[in-house]
Amino acid sequence: MCAEEGAENYSFSPPRSLRTLRLYNKVPKHLRCKIALSMNKTLFPVLLILSLVSHAEATWTLQLATGAAYNFPTTLKIEEPGEENLSFTAHYTTHTFRSAPYYSVRIGRWQNNTAWEVELTHHKLYLTNLPPGIQQFNISNGYSMLMLNRAWQYRAFNLRAGGGALIAFPITTIQGVHTSGGYRLSGVAGQGSVEKRFYLGQNLFFAAEAKLTAAYASVDLKNAKAKIPNVALHGLAGLGYKF
């Protein structure tokens, strides 16, 4: 055992091979202690770094939520061949639980209090102020936003920003011509949100979230083309699991 300060608890075991043992015995004892102390000082930061790396291992989260949205009035444009283009301020509702229901599903990879996430928010639009000539105008199956997010943990909250594609499924009746179905890549979408999690156990958690989304879609119908922007404030609640 070395008696020098910092090395008194560090044991430097002699080598086992006979040739190396002979060389080892030729080294003065005070030099052996210095070698042991040097190894002790070198290994400590290495072990500390390895410890920090192990604590920074990535975790995965999976979340499912439902909620509702307030849709701000936006300008809806409908272009019909041979007809005058229609443009007016559109008012929408969401009808959360009407088929197909409003939901959000998200998977994320967290590391060092930041995350990359993939999220699908199945938003829905039902036009409530139908003008003459439009019997039905719903993007209800849905007005879905598939986004890549960047998230940050800030104090007790998770903040995120994201963007991606808008996928639309129209159900409309314009001038008696009905369009129903067909998921189509129709535009772009973006969001910002703040989330609070409440853990129900080691891995299971309840999450409440508020988000603002902005999106734009250009949708081809059987007898028209619709340009549908949307800005909405969403409130969501759901469950998540950390792996």
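Derivation of every value follows stated rules applied to the coordinates shown; laboratory data play no part. As the structure is a prediction and not an experimental result, all values here were calculated from the model. Cβ coordinates were reconstructed from backbone atoms using ideal geometry, including for glycine residues, and neighbour counts include every protein chain displayed.
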Next on the checklist: Past the 27 angstrom mark, what percentage of all C-alpha to C-alpha distances in the stretch 69-208 do you count?
Outcome noted: 33
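Which peptide among 170-183, 81-94 comes first, and what is the full order, when sorted by highest mean count of other Cβ atoms within 10 Å? It would help to have the intermediate numbers written out before the result.
Values: 170-183: 15.4, 81-94: 13.9.
Answer by packing, highest mean first, reads 170-183, 81-94.
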Checklist entry - Which pairs in the list 124/225; 211/242; 77/196 are over 27 Å apart, alpha-carbon to alpha-carbon? => result 77/196
Checklist entry - In nanometres, what is the gap between the two model label sites at residue 171 and residue 95, each 7 Å from Cα along Cα-to-Cβ? => result 0.6
Next on the checklist: Please compute the modelled spin-label separation between residue 159 and residue 79, points set 7 Å along Cα→Cβ, answer in nm with one decimal.
Outcome noted: 4.0
Next on the checklist: Largest first and in whole Å, what are the equivalent-ellipsoid semi-axes of the stretch 162-228 based on the Cα gyration tensor, each being the root of 5 times an eigenvalue?
Outcome noted: 36, 14, 10
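With +1 on each Lys and Arg Cβ and -1 on each Asp and Glu Cβ, and nothing else charged, work out how big the dipole of the stretch 74-129 is about its Cα centre, in Debye to the nearest 20. Please list the in-between numbers first.
Numbers: 5 positive and 6 negative charges, 93 e Å.
It comes to approximately 440 debye.
Mind checking the stretch 62-148 for trypsin sites (Lys or Arg not before Pro) that DSSP puts in a loop (not H, G, I, E or B) and that have at most 16 other Cβ atoms within 10 Å? Don't jump to the answer; show the numbers that get you there.
Working: sites: 77, 98, 106, 109, 124; in loops: 98.
Taking the stretch 62-148 and a limit of 16 other Cβ atoms within 10 Å, the loop trypsin sites (Lys or Arg not before Pro) found are 98.
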Item to check | HN-Hα J in Hz across the stretch 80-93 - Karplus 6.51, -1.76, 1.60, θ = phi - 60°, x for Gly and Pro | outcome: 10, x, x, 10, 5, 4, 10, 9, 7, 7, 9, 10, 10, 10
Item to check | Computed label-point distance, nm, for sites residue 216 and residue 183 using a 7 Å Cα→Cβ extension | outcome: 2.4
Item to check | Additional length obtainable on full extension of the chain from residue 60 to residue 116, 0.36 nm per residue less Cα span | outcome: 19.2 nm
Checklist entry - Between the stretch 169-203 and the stretch 63-98, how many Å separate their Cα centres? => result 12
Item to check | the stretch 130-163: trypsin sites (Lys or Arg not before Pro) in DSSP loop, at most 11 other beta carbons within 10 Å | outcome: 155
